[in-house]
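Each value in this text was obtained by applying a stated rule to the coordinates, not by laboratory testing. The structure displayed is predicted, hence computed values, not measured ones. Cβ: placed from backbone, ideal geometry, glycine included. Neighbour counts: every protein chain shown.
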Amino acid sequence: MTTLTHALPWILAAGLATRVASWFGWLTSLDLAVAVVILSCQFATMAHLRSSHLCARCMDEVPADAPVKAERRKRVLWFAHQLATGTVIFGLLAPAVAIAFVGTHSGSPTIQHLARIPLDVLVFTSLYSTWLHHRLRPWCPYCRGWDDGGDPEPSPDPSEFKTRTG
């Protein structure tokens, strides 16, 4: 399961290329296989992130300039936190449902293909943001002060550079 989780960036790159090609009617035979691999990867990643231990490969994958990357990727880290609220998910699902409804009633396969675009954006963006958040969690500006007013957990100052040991 950890192998599938740590292969996520490569699977996302290959999956995104295949899904975009399928929007135009190319590589449609691979489309279902890619969807199964991506969903398997998503479930493996969720299980891996919820495990009680931090694996050595995760520690090795933390970039040396993690504070700088956390500053540069604030929007992606923010998105990872917004996934829990459902607002972002609704914002991407509403157009997909509307396009699918119109496409079903008009009978146009082109419009039905357009309905997949917001869903693909949601899947790929959520997977990437979750993966990135896991790598940069100690430097995430949105993770501070958790547990409803409890004691905030210490985290490194985001402006410190090269705080990784080892």
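Annotation for segment 1-57: trypsin sites (Lys or Arg not before Pro) lying in DSSP loop with at most 10 further Cβ atoms inside 10 Å of their Cβ are R50. The residues D31, D65, when put in order of fewest to most other Cβ atoms within 10 Å, stand as D65, D31.
The chymotrypsin sites (Phe, Trp or Tyr not before Pro) of segment 21-102 that DSSP puts in a loop, and whose beta carbon has at most 12 other beta carbons within 10 Å, are F24, W26. Of the residues K74, K69, the one with the fewest other Cβ atoms within 10 Å heads the list, and the complete ranking is K74, K69. Between T28 and C55, residue separation times 0.36 nm minus the direct Cα-Cα distance comes to 6.1 nm. Sorting T28, T45 from the fewest to the most surrounding beta carbons within 10 angstrom yields T28, T45.
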